[in-house]
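A.B. asks: Could you have a look at this structure, given as structure tokens, before my questions?
The values are calculated or read from the model by the stated rules, or taken from the named source; none is laboratory data. Predicted, not measured: the structure shown is a model, and the values here were computed from it. Glycine gets a Cβ as well: all are built from the backbone with ideal geometry, and neighbour counts include every protein chain shown.
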Amino acid sequence: MAGKRGHAIVLGGSLGGILAARVLSESYDKVTVFDRDVLPTEAVNRKGIPHGAHPHGLLARGRQVLEELFPGFTADLTARGGTPVDLQRDFVWINDGHRLLRAESGLQGLAVSRPALESYLRGRILSLPNIEIEAGHEALGLLTSADRAKVSGVRVRPVDGGEEREARADLVVDATGRGNRGPTWLAAIGHEKPAEDRIESGMNYLTREFRRAEGDADFGGAVISPWPDLRRGGVAVATEGDRWTVTLIGVGDEVPPTDTEGYLAYAKSLAGEEIHDLLSKAEPLTPPLRMRLPVSVRRRYERLVSPPEGFLAFGDAICSFNPAYGQGMTVAASEAIVLRDCLRTGRPQDLARRFFAGAAKLIDVPWNIAVGADLRYPEVDGPRNATTGFLNGYVARVHRAALTYPPAGRAFLAVANLTAPPTRLFSPGILLRVLWSTRPSVRHGRTPVA
Ligand SMILES: Cc1cc2nc3c(=O)[nH]c(=O)nc-3n(C[C@H](O)[C@H](O)[C@H](O)COP(=O)(O)OP(=O)(O)OC[C@H]3O[C@@H](n4cnc5c(N)ncnc54)[C@H](O)[C@@H]3O)c2cc1C
């Protein structure tokens, strides 16, 4: 690698910002992270991450990358109360009403809360000598070179009322999340905004924590997905501190109720009994917390005719998904590897073009999975074609095959966990089984494990 490249600024000090800073620290002399929140050192929720209180499953690919970038990651978080899980053996999955048969898969995830992940990873980057975090600083916009061809820094303001100031940098990375203003900032300095793909998916979440007791469940997590015939779902994940973080999900007009009786009745109406069984005996630790996610957005930076030099977007600032498949953090982690590879080879002048192209290629798969699932709801607007219909029909048959045939479940989970390409679902063994599988759907209610 050539010598280091000066100063990089990362806007946003959450998962995406931490990952970007970690890989930038290999190639830049100094990395400064600005976040508008005052960042806690403990594993607690904070204002800038309203989604942090909701369950955040870390998929197999995400855990792999975090282990590579932060050696000892899994052992350290396990020591802090996280639960390592085999995602097929230790998780209950009920997809479209079909219970995936549990079996050893080798897909290693980690059940831990989002604040625990973030505080641990932030501690790790703070131990690197060339990264500093300026918390309590809001980014307001970008600075540009005289010819406007290059982003040359940012305008920031302390949130405690101090003066706005300019911070110069050779590279600015926007990791300010789902509601970021990166495109507007680019337009303000005379650059094209990226096109956006938007899917109005309309998901309602209601999350509550419960005490976890020894032996109260034979799983580390349960995911009961909603689908067009039953727009209700639920997620339960074992988290550190002997807790269950449990979310009830409703699609569109389905909104989980907060009163105890209604909440339990809603849980009972799901396509599997596990979450209801857990809730009916566990002690609640927090009040129910609502969140509505109306839309998934993908910003097509890779299509900009001339992306400005010195500016990247990262994590949810590029693409914020419907979290149904829990892929956001894993995508951010995978983008970190793309960024690291782009920094190690190629010309710095076309870093933006190379990074956005690599990130787009990696985002294609999880975006298509999430959007494909959303487009099954007839009221959701979006580009439907024969391929969407075929793939959704095929995946539904994979779920059916996974009732009795563990390799089908493993193939589905490997693709959803981003450890295998979608073609894995069409490998000869799976294809044959899917075609052979004429078993009638067993949906809604107590689906038998065959
Ligand atoms: C309900 C829900 C459930 C989810 N479940 C999962 C899951 O199970 N698994 C999974 O992998 N992913 C899940 N996700 C997605 C995951 O949360 C995101 O993909 C991930 O947090 C991306 O992180 P990010 O750092 O890009 O953005 P964010 O986490 O949104 O962080 C943005 C950061 O930028 C800061 N910021 C914002 N604006 C400014 C500004 N102007 N100046 C300075 N700082 C600023 C904020 O304070 C924050 O720290 C879920 C998301 C939601 C909403």
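A.B. asks: Just to check your reading of the model, which residue among G12, G16, G72, G82 is farther than 30 Å from A167 by Cα and in contact (Cβ under 8 Å) with a residue 60 or more places away in the chain?
C.D. replies: Every option except G82 fails the conditions.
A.B. asks: Please indicate, with yes or no, whether at least one residue in segment 114-126 is outside the structural domain of A213 (by TED's automatic domain parsing), more than 29 Å from R290 (Cβ to Cβ) and among the β-branched types (V, I, T).
C.D. replies: Yes, segment 114-126 has at least one match.
A.B. asks: Examine segment 210-232 for a residue that is closer than 29 Å to I318 by Cβ and in contact with a helix residue (DSSP H, G or I) (Cβ under 7 Å, 6 or more places away or on another chain), and state whether such a residue exists.
C.D. replies: Checked against the condition, which is being closer than 29 Å to I318 by Cβ and in contact with a helix residue (DSSP H, G or I) (Cβ under 7 Å, 6 or more places away or on another chain), segment 210-232 yields at least one hit.
A.B. asks: Moving to a separate point now. Test each condition in (1) over 19 Å from the mean Cα position of the chain (by Cα); (2) within 16 Å of the ligand (Cβ to nearest atom) for H98 and report the one that comes out false.
C.D. replies: (2)
A.B. asks: Answer yes or no: is there a residue in segment 291-306 that is touching a residue at least 40 places away in the same chain (Cβ under 8 Å), within 8 Å of the ligand (Cβ to nearest atom) and either within 29 Å of W227 (Cα to Cα) or not aromatic (F, W, Y) (or both).
C.D. replies: The answer is yes, given that some residue of segment 291-306 is touching a residue at least 40 places away in the same chain (Cβ under 8 Å), within 8 Å of the ligand (Cβ to nearest atom) and either within 29 Å of W227 (Cα to Cα) or not aromatic (F, W, Y) (or both).
A.B. asks: Same structure, new question: Where in segment 55-142 are there strands (runs of 3 or more DSSP E), lying fully within it, with 1 or more residues that are within 29 Å of L270 (Cα to Cα) and out of contact with any Asp or Glu (no Cβ under 7 Å at 6 or more places or on another chain)?
C.D. replies: Where strands (runs of 3 or more DSSP E) fall fully within segment 55-142 and carry at least 1 residues being within 29 Å of L270 (Cα to Cα) and out of contact with any Asp or Glu (no Cβ under 7 Å at 6 or more places or on another chain), they are 83-86, 91-95, 108-111.
A.B. asks: Now a separate question. Restricting attention to segment 180-197, does a residue exist that is at negative phi, in contact with a Phe, Trp or Tyr (Cβ under 7 Å, 6 or more places away or on another chain) and in a strand (DSSP E or B)?
C.D. replies: Within segment 180-197 (the criterion being at negative phi, in contact with a Phe, Trp or Tyr (Cβ under 7 Å, 6 or more places away or on another chain) and in a strand (DSSP E or B)), the answer is no, since none of the residues qualifies.
A.B. asks: Which one of T245, T184 is surrounded by fewer than 19 Cβ atoms within 10 Å (Cβ to Cβ), within 13 Å of the ligand (Cβ to nearest atom), among the hydroxyl-bearing types (S, T, Y) and at pLDDT 95 or above?
C.D. replies: Being surrounded by fewer than 19 Cβ atoms within 10 Å (Cβ to Cβ), within 13 Å of the ligand (Cβ to nearest atom), among the hydroxyl-bearing types (S, T, Y) and at pLDDT 95 or above holds for just one of T245, T184, which is T184.
A.B. asks: So in segment 38-54, with the set limited to residues that are near the ligand (Cβ under 7 Å from one of its atoms) and touching an Asp or Glu at 6+ places or on another chain (Cβ under 8 Å), which one is nearest to L285 (Cα to Cα)? Reasoning before the result, please.
C.D. replies: Pass one, segment 38-54, residues near the ligand (Cβ under 7 Å from one of its atoms): 48-49, 51, 54.
Now drop any that are not touching an Asp or Glu at 6+ places or on another chain (Cβ under 8 Å), which leaves 48-49.
Numbers: G48: 23, I49: 20 Å.
The extreme case among them is I49.
A.B. asks: Under 6 Å between Cβ atoms, which residue pairs at least 6 apart in sequence (or on different chains) link something in segment 323-348 that is more than 20 Å from A116 (Cβ to Cβ) with a partner that is among the aromatic types (F, W, Y) and assigned to a helix (DSSP H, G or I)?
C.D. replies: Between residues of segment 323-348 that are more than 20 Å from A116 (Cβ to Cβ) and residues that are among the aromatic types (F, W, Y) and assigned to a helix (DSSP H, G or I), the close pairs are L339/F355; C342/F355.
A.B. asks: At positive phi and more than 13 Å from the ligand (Cβ to nearest atom): does that describe G252? Full working, then the answer.
C.D. replies: Details: at positive phi: yes; more than 13 Å from the ligand (Cβ to nearest atom): yes.
Taking the combined requirement at face value, the residue satisfies it.
A.B. asks: Would you confirm whether or not segment 262-281 contains a residue that is farther than 23 Å from G382 by Cα, hydrophobic (A, V, I, L, M, F, W, C) and free of Cβ contacts under 8 Å to residues at least 12 places away in the same chain? Let's see the steps before the verdict.
C.D. replies: At the first step, the residues of segment 262-281 found to be farther than 23 Å from G382 by Cα are 262-281.
With hydrophobic (A, V, I, L, M, F, W, C) added as a condition, the list becomes 264-265, 267, 270-271, 275, 278-279.
Narrowing the set further to residues that are free of Cβ contacts under 8 Å to residues at least 12 places away in the same chain leaves 265.
There is at least one residue in segment 262-281 that is farther than 23 Å from G382 by Cα, hydrophobic (A, V, I, L, M, F, W, C) and free of Cβ contacts under 8 Å to residues at least 12 places away in the same chain.
A.B. asks: With the checklist (1) away from the ligand (no atom under 16 Å from the Cβ); (2) out of contact with any Leu (no Cβ under 7 Å at 6 or more places or on another chain); (3) modelled with pLDDT of 95 or more in hand, flag the one item Q64 doesn't pass.
C.D. replies: (1)
A.B. asks: Further question on the same structure: Does L58 satisfy the condition of being outside the structural domain of V338 (by TED's automatic domain parsing) and of a type outside the set (D, E)?
C.D. replies: On the way: outside the structural domain of V338 (by TED's automatic domain parsing): no; of a type outside the set (D, E): yes.
No.
A.B. asks: Among the residues of segment 12-35, are any near the ligand (Cβ under 7 Å from one of its atoms), touching a Lys or Arg at 6+ places or on another chain (Cβ under 6 Å) and acidic (D, E)?
C.D. replies: No: zero hits.
A.B. asks: Can you tell me which residue within segment 379-402, out of those that are touching a helix residue (DSSP H, G or I) at 6+ places or on another chain (Cβ under 7 Å) and not in a helix (DSSP H, G or I), is farthest from D96 (Cα to Cα)?
C.D. replies: Selected residue: G382.
Rundown of residues vs (1) at pLDDT 95 or above; (2) closer than 30 Å to Y263 by Cβ; (3) in contact with a Leu (Cβ under 9 Å, 6 or more places away or on another chain); (4) in the same structural domain as P50 (by TED's automatic domain parsing), yes/no style:
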residue	(1), (2), (3), (4)
E309	no, no, yes, yes
F314	yes, no, yes, yes
C319	yes, no, no, yes
N322	no, yes, yes, yes
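A.B. asks: Continuing with the same structure: Just checking, does segment 153-172 include any residue being modelled with pLDDT of 95 or more, surrounded by fewer than 19 Cβ atoms within 10 Å (Cβ to Cβ) and within 19 Å of K193 (Cβ to Cβ)?
C.D. replies: Yes, some residue in segment 153-172 is modelled with pLDDT of 95 or more, surrounded by fewer than 19 Cβ atoms within 10 Å (Cβ to Cβ) and within 19 Å of K193 (Cβ to Cβ).
A.B. asks: Give segment 210-231 a look and list any residue that's more than 16 Å from the ligand (Cβ to nearest atom) and outside any loop (DSSP other than H, G, I, E, B), or say none.
C.D. replies: F210, R211, W227, L230
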